[in-house]
Structures are given as structure tokens and as C-alpha cells.
Amino acid sequence: MNGTEFSPWRGRLALRVESEPAQVFSAAFELSGSAPAGALTLLTPLGTTAAALSWTPEGSTLRSNVEVRQFATLGALMRQTLGAELPIAALFAWLAGDPVASAGWQVDLSQRPNGRITMRRQLPLPVAELRVVLDQ
């Protein structure tokens, strides 16, 4: 990826991690910036901010109603917040409709014209599936 910034992506996401017990997470979201430096805001059903994640090459931050936490890497922040590390560089490309490869992940962009994208991680275990519905 070239680090180009994109306009914010908005929609809903659902993540299922097939661990024991299974972890399921869903929220409205806004993703902005780029893979090297960006922000992901997760919203409650009422539209209030549940968590705000931001990252730069220097580190990552999680802000919630109750705390602010710092992480050395975006991967560590994602594992703590969502239960699985997402391939952020590939995610920005997939949202734009570009089927770039990402180790361990498969993406289905066949419904991208309808604003729907499904991503599935087979490795490393546990298996994880991320479904995104973009606001049109």
C-alpha cells in the first residue's frame, strides 16, 4: 500500500472469532486515514462512541468511556479490542474494491457493488470472519 489517505468509510461491521468460547462483536463504524496512520471509531446502536482506536507508526491508542490505553502496535490494539488482528492495509484496499492478497485471509468482493464485503481468516487460528456493510 502507498499510504494514501482515503475518505472516511462508514457502515456496520460484524466480527466472529471461532475461539472457545466464540467471540462475536458488531458495531457501526467509521474508518479514516490510511494503513500507516488512521482511526477507527466504533459506535453503539444509539450512535454514541463505544471506542475510538487510532494509530501511527509510533504506537496505537484505545479511547473508551472509561479509559485511555496505549499499545506498542496496531495488532496488539486490535487483538485487545476486537479479539482478532485485522490486516489494516488490506482492509483499506478491500473497502475500495481492490482484491489485494493478505496472508491467511480470503476476501469476497463479489457483493462490493452492493456495499457488502466478507473477509475470512483461516490462519493463524482461531478462524475469524469479518463482514462489512458500507453506507451507500
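Quick notes
- Residue-count net charge about residue 129 - beta-carbon cut-off 15 Å; Lys, Arg +1, Asp, Glu -1: +3
- Across all directions, the average projected area of the convex hull around the alpha carbons of the chain is 8.2 nm².
- For residue 15, neighbours were defined as the other residues whose beta-carbon sits under 14 Å from its Cβ, and their charges (Lys and Arg +1, Asp and Glu -1) total +3.
- For the chain, the Cβ-based charge dipole about the Cα centre amounts to some 200 debye (Lys, Arg positive; Asp, Glu negative; other atoms uncharged).
Any read-out appearing in this document is the output of simple, stated calculations on the displayed coordinates, not a laboratory observation. Because the structure is predicted, anything quoted here is derived from the model rather than measured. No Cβ is skipped: glycine too gets one built from the backbone with ideal geometry, and neighbour counts run over all protein chains shown.
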